[in-house]
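The values are calculated or read from the model by the stated rules, or taken from the named source; none is laboratory data. Quantities reported herein were computed from a predicted structural model and do not represent experimental measurements. Backbone-built Cβ (ideal geometry, glycine too); neighbour counts: all protein chains shown. SASA here: full protein model, heavy atoms, side chains in, ligands and nucleic acids out. Shrake-Rupley method; radii C 1.70, N 1.55, O 1.52, S 1.80 Å.
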Amino acid sequence: IVVGGRMIAGEVPPYSAMFIRFAVASLLMFLLLWKRQELGLIKQLNKKQWSAFLGLALSGVIGYNLFMLLGLQTVPAARAGVTYGLFPLLTWVAAWLVLRGKFTRWSFLGSIVCLGGVLLALSLGSFEFVKNLVPAKGDLWLYVSLLCWVTYSLITTWLLRGLNAIFVTALTCIIALLMLFPMAMAEGLCTVASGLEPLAWLVF
């Protein structure tokens, strides 16, 4: 998703890019809910659950993708990969602080190994790559994007205590799509979509 985002960043307006990316996903998710006969679960949601779903749409779909696309306009995909390699560690720390998750040395060690693996894979064993990781202007957007995804993960953990993963994912995509529609139209969604090359559609 980072490499694909780098390819379309700066070429397609951010809200239009997100709308196109999640339009197909939302349609497929809606059909999946209909086939599983789970559309009726929407009527059973309480106010706290609806608030959580709005939080998921804003953080995990809109916030994460918007700030990622803004950051990738100036940050190479390789360095962005290192930034997102922090995700397991930040999620573990956030879960420990917010959800009172267990603090274990193995969780910490696993997070460090994950980050180390990202660095090793991207650097191909060259220390020069690590030394050249000088923060750029777009890195701030990537950090905000990362925090949005951590927030999404925490809210999802809470929602999954009473709902299944497919329902949570599907409804989140649909809500986010409805929220993105007016912003994408303001960017000229129809003009943007009609001018896309076949390769760009494959990236989405």
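Tabulated values for the structure
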read-out	value
Checking SER51 against (1) within 26 Å of LEU160 (Cβ to Cβ); (2) open to solvent by 40 Å² or more (accessible area, probe 1.4 Å); (3) small (Gly, Ala, Ser); (4) at pLDDT below 70, the condition it does not meet	(4)
Residues being exposed (fewer than 11 other Cβ atoms within 10 Å of the Cβ) and either at pLDDT 80 or above or under 17 Å from ASN65 (Cα atoms) (or both) - total across segment 191-204	1
Residue ID - modelled with the lowest pLDDT, chosen from residues in segment 120-143 that are among the hydrophobic types (A, V, I, L, M, F, W, C) and buried (at least 17 other Cβ atoms within 10 Å of the Cβ)	LEU122
Candidate set from segment 1-20 (those that are open to solvent by 30 Å² or more (accessible area, probe 1.4 Å) and at pLDDT 80 or above); member that is farthest from LEU70 (Cα to Cα)	PHE19
Filtered residues of segment 146-173 (kept if open to solvent by less than 40 Å² (accessible area, probe 1.4 Å), in a helix (DSSP H, G or I) and farther than 26 Å from ALA80 by Cβ)	LEU159, PHE167, VAL168, ALA170, LEU171
